[in-house]
Structures are given as structure tokens and as C-alpha cells.
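Report on the structure given below.
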Amino acid sequence: MSPRYSLLVRPLGALALAAVLVAPATTLRAQDDPVIARANGVDIHQSDLAFADEEIGSNVPAQMTPEQKREYLITYLGDIIVLAQAAEQQRLGDKPDVQRQMAFERNKVLMEALLRNAGKAAQTDDALHKVYDEAVKKMTNEEEVHARHILVATEQEAKDIEAQLKGGADFAALAKEKSKDPGAANGGDLGYFTKDQMVPEFSEAAFKLDKGQISDPVKTQFGWHVIKVEDKRVKPAPKFEDVKAQIENFVTRKAQAELVTKLRADAKVERMDKPAKLDDKPADPAKK
């Protein structure tokens, strides 16, 4: 079986896509959604490529160019139409198992549409800023240090470097020359970090220093360090725009979870595969 046709054997996803493509055309298509192909009289629109990409895009060979991928997906869409029409001619849509699959897929698509709508409706400016403001209020006054370091293999090397620095040598220049850390090219600059972002021995030494101070040699699992603190500050709150995408995701998931919880509570779901609980049984008329 060729890779393309092996991809077609994904019944639920393919059924949903076939239902969209083989259904009669309506006037609901957006005007900017052009027809890009036609298979046995059925139009394939630009927007249908998104369905196909979601269905099989991750299985498309990585070496394909964007144009090759587009052609691949259009062929896939055409195959679905042609094969679905052949299935209709054989009245396979009347088979109970196929009808159950189509009903399942229809319900799944409707569920996903409802959850998308709920998530989108929840993403108001007021809701997003409320979550942001509440998160900022809960932030602790966590300290950050901006430091540089020079990493060497032995304690003696570290002591020699410490002496040079305390004698007036430029820290960044010495880091570029002596440090074996990957950040040496950047003058050993580590930027701002909180205490839990570094190994304990390094953090303990760095956070004890005042701005401008240089440490004694500090040993960690990586070797021997000489540290210089450039600055100290309370960790600032992130800007709203920098975390907006995360907030949107949180608000969306919260709204969707609340909707599911509410609908579950209001629904009557009966389990036929388990015996009824004692308190679910109807009362015995003789005991009334």
C-alpha cells in the first residue's frame, strides 16, 4: 500500500473531511476562499487545505518543499472525494457501523466547535487583564542578581584570576581569555537570575555579594568559579504583552473546563455496563 493511501485509512478523520467535501456547495463560503481544484464536480477550496493539513500534515515527509506539500494535500483531498463518492454508490453509508462512525465524528466536530467558541468568547480584554493583575499581585519580592563569572579547572587558576581582578584587571576581558564556560565570549555575563536558577554553591556565593564585589573561588560540579555581581534587584513583573499568549491559553482552558463541568452536571448520563447503585433503584411500592 502506498504511503498516500495508507494515510487514507484513518476512518474517523477521513469521514469528517469527506462529509465536508462531498456535501453540496453552499453560499456560506467566504469570498476570499477560492476554488483551487475540482474532483468529479466537487469543489476543493483553499480552506479545505487546512483540514487536510490538520489530518495528515504531520505525516508528510519533512523533505518536501511547501509547494510539494500543497500538491500532496490537494491530491489527498481529491482522493477523499473520489473514494467517498464510490462508497456512496455502493451504499456503504447505510451500513450501521459506518453510520455510527459518522455520528461520532459529527458529535466530535460539534464539541470542538463549542469549546472553541467558549474559549474565544472568554478572551476579553477585561478578563485577560484581570488574570494578569491578580498574578502580579501574588508575585513575591524575589531577588535577582546580575552576575558574570569565570570558570576554570583548578582552584589555583581561580585564585590567580581573583588576584588579577582585585589588582584591577577587566573582568569581561579576562573571562574571554581564561574562562572555559560557553558564555566566555560574552565576557562571562549570565544576565539576571534568581536563586533557584543556579546550582546551590554558585547561588549561595553570588547572593551574598554586594554590587561590584568579586567572590573568592567557588567550587561546583562544573569546576571553579570567580563571580562578580553587576547588579541586584527585585524581580520585575513581566510585561502584559510578553505573557499575553500564556494568559489567553489559561483563560481559554478555564472557560472550556467550566463549560464541560456545567454541562456534565446538567446532563443525564446512564451507565448500562454497571449495575445501578442501591439509591438509584426505584422505591419498592410495598414499602410505601
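The values are calculated or read from the model by the stated rules, or taken from the named source; none is laboratory data. Just so it is clear, the structure is predicted and the values come from calculations on it, not from any experiment. All Cβ positions, even for glycine, are placed from backbone atoms using ideal geometry, and neighbour counts span all protein chains on display. The area values use the complete protein model at the heavy-atom level, side chains included, leaving out ligands, DNA and RNA. Shrake-Rupley method; radii C 1.70, N 1.55, O 1.52, S 1.80 Å.
A few comments on the model shown:
- The one condition from (1) surrounded by fewer than 16 Cβ atoms within 10 Å (Cβ to Cβ); (2) more than 19 Å from VAL35 (Cα to Cα) that THR75 does not meet is (2).
- Filter pass, HIS149 being open to solvent by less than 60 Å² (accessible area, probe 1.4 Å) and in contact (Cβ under 8 Å) with a residue 40 or more places away in the chain: yes
- Test: residue in segment 125-138 that is assigned to a strand (DSSP E or B) and among the charged types (D, E, K, R): no
- Among the residues making up segment 146-168, those that are assigned to a loop (DSSP other than H, G, I, E, B) and modelled with pLDDT of 95 or more are ALA153, THR154.
- Only one entry in LEU165, LEU151 is in contact with a Ser or Thr (Cβ under 6 Å, 6 or more places away or on another chain) and over 30 Å from LYS254 (Cβ atoms), namely LEU151.
- Given (1) over 30 Å from ARG253 (Cα atoms); (2) touching a strand residue (DSSP E or B) at 6+ places or on another chain (Cβ under 8 Å); (3) in contact (Cβ under 8 Å) with a residue 24 or more places away in the chain, index of the condition HIS45 fails: (3)
- Once segment 219-257 is narrowed to residues that are of a type in the set (Asp, Glu) and in a helix (DSSP H, G or I), the residue that is surrounded by the most Cβ atoms within 10 Å (Cβ to Cβ) is GLU248.
- Residue within segment 227-244 that is in contact with a Leu (Cβ under 6 Å, 6 or more places away or on another chain) and over 18 Å from GLU144 (Cα atoms) present: no
- Every residue from segment 145-195 that is among the basic types (Lys, Arg) and under 19 Å from GLN221 (Cα atoms): ARG148, LYS159, LYS178, LYS180, LYS195
- Residue-level check: of (1) part of a loop (DSSP other than H, G, I, E, B); (2) open to solvent by less than 90 Å² (accessible area, probe 1.4 Å); (3) at pLDDT 95 or above, ASP216 misses just (2).
- For segment 171-185, the set of residues classified as open to solvent by less than 90 Å² (accessible area, probe 1.4 Å) and more than 13 Å from VAL152 (Cβ to Cβ) consists of PHE171, ALA172, ALA173, GLY183, ALA185, listed by residue number.
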